[in-house]
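What follows is one structure encoded as structure tokens, with my remarks underneath.
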Amino acid sequence: MSDLPFFLGRLVRRPHEVAAVAPSSQALARAMAMEVPDDAIPGPVVELGPGTGRITRALLERGVAPPDLHCFEMSADFADHIRHNFDGVNVHHAPAQSLGQSGLRDVGAVISGLPLLSIPNPVVEDILNASFSVLRPGGVFVQFTYGPTPPVPEELREKLRLSHIRGRRIWNNLPPARIYTFRGTAELA
Ligand SMILES: C[S@@+](CC[C@H](N)C(=O)[O-])C[C@H]1O[C@@H](n2cnc3c(N)ncnc32)[C@H](O)[C@@H]1O
């Protein structure tokens, strides 16, 4: 059954949290999952804001084992949906900002489906700090955006000493999106 009506229902009730007109396409979800480094599997991988689970499914198809996948979802409805549809996946009904207190360590990749551009800068900073506190050296923070510039503002990238790689545009998504992969450089200094 299509997950679109469920997604749209949440969008109407919580527009600022969902902040997208449709779930990610399969093409975007697969491209996000391909950003998990080969040597991060097996090992813990985090997904932020899974929604109806398009990227969750792509991460499992990429080879992440369900017990290695940790999803952080703020909406109780979406968290329940992921629990019921993806056996064995760890679902944390908690905001992404709480990732640092989860006890997770040595995470190979944080894959974010969060609407980062709709989130206030201090909260984005908390989310990035939490993510890089659990990522292992060389681990990646992956984020898609519909906007023309990197989804983390330059000031914050400089403050947190993040480098980034700009991926190709995924046209087969509503709207077209681009994937950015961020790495911490402080550990190299
Ligand atoms: C744009 S939807 C993306 C859903 C899915 N990842 C996709 O690509 O189809 C954003 C998701 O992030 C969740 N969300 C928003 N802010 C959050 C936060 N601070 N922590 C955890 N989840 C959050 C929303 O509930 C929603 O599921």
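The values are calculated or read from the model by the stated rules, or taken from the named source; none is laboratory data. All figures in this text were calculated on a predicted structure; none of them were measured in a lab. Every residue, glycine among them, receives a Cβ derived from its backbone with ideal geometry; neighbour counts consider all protein chains shown. Calculation scope for accessible area: heavy atoms of the full protein, side chains included, ligands and nucleic acids excluded. Shrake-Rupley method; radii C 1.70, N 1.55, O 1.52, S 1.80 Å.
Taking the conditions (1) part of a loop (DSSP other than H, G, I, E, B); (2) of a type in the set (A, V, I, L, M); (3) buried (at least 17 other Cβ atoms within 10 Å of the Cβ) in turn, Leu174 satisfies each one other than (3). Considering region 50-81, the residues that are over 14 Å from Val107 (Cβ atoms) and buried (at least 23 other Cβ atoms within 10 Å of the Cβ) include one that is farthest from the ligand (Cβ to nearest atom), namely Ala58.
Applying the criterion of being open to solvent by 30 Å² or more (accessible area, probe 1.4 Å) and more than 8 Å from the ligand (Cβ to nearest atom) to the residues of region 17-30, the residue that is modelled with the lowest pLDDT is Val21.
Selection of region 70-109 for residues being under 25 Å from Ala177 (Cα atoms), free of Cβ contacts under 8 Å to residues at least 40 places away in the same chain and hydrophobic (A, V, I, L, M, F, W, C) yields Cys71, Phe72, Ala79, Ile82.
Among the residues here, Pro95 does not qualify as of a type outside the set (Val, Ile, Thr) and more than 24 Å from Leu69 (Cβ to Cβ). Taking the criterion of being among the charged types (D, E, K, R), under 19 Å from Ser75 (Cβ atoms) and not in a strand (DSSP E or B), the residues of region 1-56 that qualify are Asp3, Arg10, Arg13, Arg14, Glu17, Arg54. Of the residues contained in region 77-91, none is found to be part of a helix (DSSP H, G or I) and over 27 Å from Leu60 (Cβ atoms). One residue is enough: does region 85-102 have a residue meeting the conditions out of contact with any helix residue (DSSP H, G or I) (no Cβ under 9 Å at 6 or more places or on another chain), more than 11 Å from the ligand (Cβ to nearest atom), modelled with pLDDT of 95 or more and open to solvent by 60 Å² or more (accessible area, probe 1.4 Å)? No - not one qualifying residue is present in region 85-102. Pairs meeting the criteria (first residue in region 170-187 and without any contact (Cβ under 8 Å) to a residue 40 or more places away in the chain, second residue among the basic types (Lys, Arg), beta carbons under 7 Å, at least 6 apart or on different chains) are Pro176/Arg169; Arg178/Arg166; Arg178/Arg169; Tyr180/Arg166; Thr185/Arg161; Ala186/Arg161.
Scanning region 110-145 for residues that are in contact (Cβ under 8 Å) with a residue 40 or more places away in the chain, open to solvent by 20 Å² or more (accessible area, probe 1.4 Å) and in a helix (DSSP H, G or I), we see that the one that is nearest to the ligand (Cβ to nearest atom) is Ser118.
Between Glu35, Glu47, which is in contact with a helix residue (DSSP H, G or I) (Cβ under 7 Å, 6 or more places away or on another chain), closer than 27 Å to Asp68 by Cα and either open to solvent by 30 Å² or more (accessible area, probe 1.4 Å) or near the ligand (Cβ under 10 Å from one of its atoms) (or both)?
Values: Glu35 fails: in contact with a helix residue (DSSP H, G or I) (Cβ under 7 Å, 6 or more places away or on another chain).
Among Glu35, Glu47, only Glu47 is in contact with a helix residue (DSSP H, G or I) (Cβ under 7 Å, 6 or more places away or on another chain), closer than 27 Å to Asp68 by Cα and either open to solvent by 30 Å² or more (accessible area, probe 1.4 Å) or near the ligand (Cβ under 10 Å from one of its atoms) (or both).
Of the candidates Arg10, Arg14, the single residue that is open to solvent by 50 Å² or more (accessible area, probe 1.4 Å) and either more than 7 Å from the ligand (Cβ to nearest atom) or not aromatic (Phe, Trp, Tyr) (or both) is Arg14.
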